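Asker: Dropping a structure here in C-alpha cells format, bear with me for questions.
Where a number appears in this text, it was derived from the coordinates with a stated rule and is not lab data. Note that this is a predicted model, so its numbers are computed, not measured. Methodologically, a virtual Cβ is constructed for each residue, glycine included, from the backbone with ideal geometry; neighbour enumeration extends over all protein chains shown.
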Amino acid sequence: MDGREIRLQRLVGEGRAVIIAFDHGLFDGPISGLEDLTTIERKINSVVDAVLLAPGMMRRCSGVFSHPKRPLAMVRLNWNTVYCFRFGYREAKSVLMFSPEDALREGMDIALVSLTLQTGCEERDAANVEVFSKLTNDCHRLGIPVVGEYFPTGHVEMTPDQLHSDVLVGSRIVAELGADAIKTFNTCRFQEVTSSCPVPVFGLGAEKLPTQREALELAEAEVQAGAGGVVFGRNAIQVPNPQAFQAALCEVVKDSVRVNDVVNKYDLS
C-alpha cells in the first residue's frame, strides 16, 4: 500500500467520512464563526476525519493538527471565480493557486481540486479541465490522494432536475479524470450520482440550514443515498456548540444513529 492509498484509507476506512470545511475566506472573506481563525481549534472536534482549509491557513491553524488523533489536513489547491458570489462573476475561471509540493511542505495530507464545466465557453471548460488534470496528476506523483470537487455553474438558478443532470455528468467526469473521491451537491436523485461513480462521493452541507436537526437530516439523507461521507462547513461551524454538533454528525454519518437520538443526546435544536 503506497502513501496515497494509506491516506485515502485513513479518510474513508471501512465506513464513511466526516469533513469540516473552513476555507470560505478564500472567496467570502471573514464570515460569521470564522472571523478569528486563532479560535478555530476550539471549534473542531477531533472525532472528525478531515478539515478542509486554504493553503495559507495551514500554519495559522496548526493547533487543529497538533494532537495524536488529529484530523487529516485537506488543502484546496485551485481558485475559481464561480465561488465569488459577492463579486458577481459568471465565467467560472479556474486557476492554479498552490502547488502540491508547497502544500505538502506545509503539512497537507489530502488535496482538494475543483472543476467547473458548462461555463458557456468551450475554451474555458477545456482550460478548467487542464488545471484539474495537472494538479491531480502532480498530487498522485507525490502519493497524495485528490478529492475532486464538482461545482455546477449557475446552480442557484437551476431547477432540481437541471442540478441533478449537471452533477450526475460532472461527477462522473471528475472520477474519470482521476479523482480518488468526489465532493459535490446533494441532488433530488442523489443515489444515481453515488452509484454512477467508482469512487466515494461526499455530499455537501451547502447553505446554512435553519436548524441543526435539518442539517443532520440532510447528512442522514445523503448517506442513505450512498454517499461515502459529508463535507459540512457553515452548518458545522455556525452553531452554538460546534463540538457537540460535529460529534452528533459523526454518529449519524459513520454509525447510522438516528437523528432524533443524537438531537436529544447532545441537546441540539
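Asker: Within 10 Å of each residue's Cβ, count the other Cβ atoms and sort LEU52, LEU142, LEU204 from fewest upward.
Answerer: LEU142, LEU204, LEU52
Asker: By a straight-distance test (C-alpha under 13 Å), which aspartates and glutamates pair with LYS254 as possible cross-link partners, with residues fewer than eight away in the same chain excluded?
Answerer: GLU14, ASP49, GLU220, GLU222
Asker: Sticking with this structure for a sec: Before rounding to the nearest 500, sum -39500 (n - 2.57) across all DSSP H runs of length at least 4 in the chain and divide by the residue total; then give [θ] at 222 nm in deg cm²/dmol.
Answerer: My calculation for the chain gives -11500 deg cm²/dmol from helical runs alone.
Asker: Here is a further query. Using only C-alpha positions, report the orientation-averaged shadow area of the convex hull of the chain, nm², one decimal. List each step's numbers first, then the result.
Answerer: On the way: hull surface 52.4 nm².
Hull-based average projected area comes out at 13.1 nm².
Asker: Which value, in Å to one decimal place, does the Kirkwood hydrodynamic radius take for the range 1-98 when every pair of different Cα atoms is included?
Answerer: The Cα-based Kirkwood calculation yields 14.9 Å.
Asker: At 0.36 nm per residue, and after removing the present C-alpha to C-alpha distance, how many nm does the segment from ARG59 to ARG90 gain when stretched out fully? Intermediate values should be presented prior to the final figure.
Answerer: Values: separation 31, 0.36 × 31 = 11.16 nm, distance 3.23 nm.
Answer, rounded to one decimal: 7.9 nm.
Asker: Which FRET efficiency, nearest 0.05, do GLU41 and GLU122 yield, Cβ-Cβ r, R0 45 Å? Could the numbers behind the result be given before it?
Answerer: Values: r = 45 Å, r/R0 = 0.99.
Calculated value: 0.50.
Asker: Go through the range 48-54 residue by residue and turn each phi into a ³J(HN,Hα) via Karplus (6.51, -1.76, 1.60, θ = phi - 60°); whole Hz please, and just put x for glycine and proline.
Answerer: Karplus-based 3J(HN,Hα) across the range 48-54 equals 6, 8, 7, 10, 9, 8, 7 Hz.
Asker: Considering Cα pairs under 8 angstrom that are at least six residues apart, work out the relative contact order of the range 3-266 and quote it in whole percent. If you can, show how the numbers build up before the last one.
Answerer: Values: 496 pairs, mean separation 51.9, N = 264.
It comes to 20 percent, rounded to a whole number.
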